[in-house]
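Shown next, in structure tokens, is the structure this report addresses.
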Amino acid sequence: MDAGKSSNVAFWEVSLNVKGEAKLTYGANPSTAEVTMYATDWCPFCVRAEKLLVSKGANIKKINVDEQPDRRAEMVEITGRRTVPQIFIGNRHVGGHDDLVSLDRDGDLDALLKNIS
């Protein structure tokens with residue numbers, strides 16, 4: 001890696017100064033869109049979707065609909081779907097886990113994460 005450049009892995013950022021000294025900071029990846037995910041803690045598809053998004057360096061705002069039942073009603077009203085996860089990248093509803101995986105398989109997920117703010 002070149003001096004002065006940074007590498008993002010999930011939410012950790014490693015920066016090297018000109019002397020080659022590393023600085024590790026925790027925070028959102030500024031080069032990716034904000035992702036909102038309606039989810040539950042026990043849903044295996046939610047866990048898989050979150051892992052995929054984290055592997056892409058996404059900043060995820062997770063809304064637990066079991067802990068916040070009014071947010072589940074909000075999710076259904078906005079998406080017309082009752083199942084979790086329901087994922088938004090920026091303001092775009094991309095759907096659930098299978099939709100997210102399909103976007104990734106087609107090569108569209110990375111571009112979507114980078115192009116929407």
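The values are calculated or read from the model by the stated rules, or taken from the named source; none is laboratory data. Predicted model, so just to flag it, every value in this text is computed and none were measured. Here the Cβ positions follow ideal geometry from the backbone for every residue, glycine too, while neighbour counts run over all protein chains shown. Note: accessible area is taken over every heavy atom of the protein model, side chains too, but ligands, DNA and RNA are not part of it. Shrake-Rupley method; radii C 1.70, N 1.55, O 1.52, S 1.80 Å.
Distances over 14 Å make up what percent of all Cα-Cα pairs in segment 31-113? Roughly 58 percent, once rounded to a whole number. Cα-based radius of gyration for segment 49-89, normalised by 2.2 N^0.38 Å, reads 1.23. Near Arg105, once Lys and Arg are set to +1 and Asp and Glu to -1 for all other residues with Cβ below 15 Å from its Cβ, the sum equals -4.
Less than 5 angstrom separates the built amide H of Ala33 from those of Lys114, Ile116, all sequence-distant by 5 or more or on a different chain. Phi angles of segment 45-52 translate, via the Karplus equation with coefficients 6.51, -1.76, 1.60 and θ = phi - 60°, into HN-Hα couplings of 6, 5, 4, 5, 5, 4, 4, 5 Hz per residue; Gly and Pro are given as x. Annotation for segment 45-82: trypsin sites (Lys or Arg not before Pro) lying in DSSP loop with at most 11 further Cβ atoms inside 10 Å of their Cβ are Arg82.
Rolling a 1.4 Å probe over the heavy atoms of the protein chains gives segment 31-113 an accessible area of 52 Å² per residue.
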